[in-house]
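The structure appears right after this line, and notes come after that.
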Amino acid sequence: MYIIYWLINESCTKTYVGFSNKLQNRLHKHKNKRVKSTKNFGNFKVYILEEIETLEKSRKREKYWKSAAGRKKLKKYFNTINNLPPSSSG
């Protein structure tokens, strides 16, 4: 089972989407600054987006979440869970 996850840093300025079949190990690497893309994140919150059974499907879904449409959906989701008004930029 693969888990697609979303990280957002404490100041809400940086995000990262990834997937792993060993989520705890992967998050440990993020927290210990062993992932190039997130080593300057500081503290972050973790959101589980999906659980997917195959590697191939996981890669496709990760690619979607990293696309413009996926990012737009994540932004809307983030605003909803944090009770923020929708932004005018979409």
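Throughout, read-outs are computed from the coordinates displayed, never taken from laboratory work. A quick note: this is a predicted structure, and the numbers were derived from the prediction, not measured. Here the Cβ positions follow ideal geometry from the backbone for every residue, glycine too, while neighbour counts run over all protein chains shown.
Using 7 Å Cα-to-Cβ label points, what is the Ala68/Glu10 separation (nm, one decimal)? In this crude spin-label approximation the distance works out to 3.4 nm.
Not counting the cut sites, what is the longest span of the chain without GluC sites (Glu not before Pro) that DSSP labels loop and that have at most 13 other Cβ atoms within 10 Å? No qualifying site falls inside 11-52, the longest such stretch. Rounded to the nearest 20, the size of the Cβ-charge dipole of the chain about its Cα centre is 380 debye, with Lys and Arg at +1 and Asp and Glu at -1.
Would you compute, from DSSP H runs of 4+ residues alone, the mean residue ellipticity of the chain at 222 nm, taking -39500 (n - 2.57) per run and dividing by the full residue count, rounded to the nearest 500? Write down the numbers at each step before the final one.
Values: 3 runs with 35 residues, N = 90.
-12000 deg cm²/dmol, from helical runs alone.
The alpha-carbon positions of the chain define a convex hull whose volume is 96 Å³ per residue.
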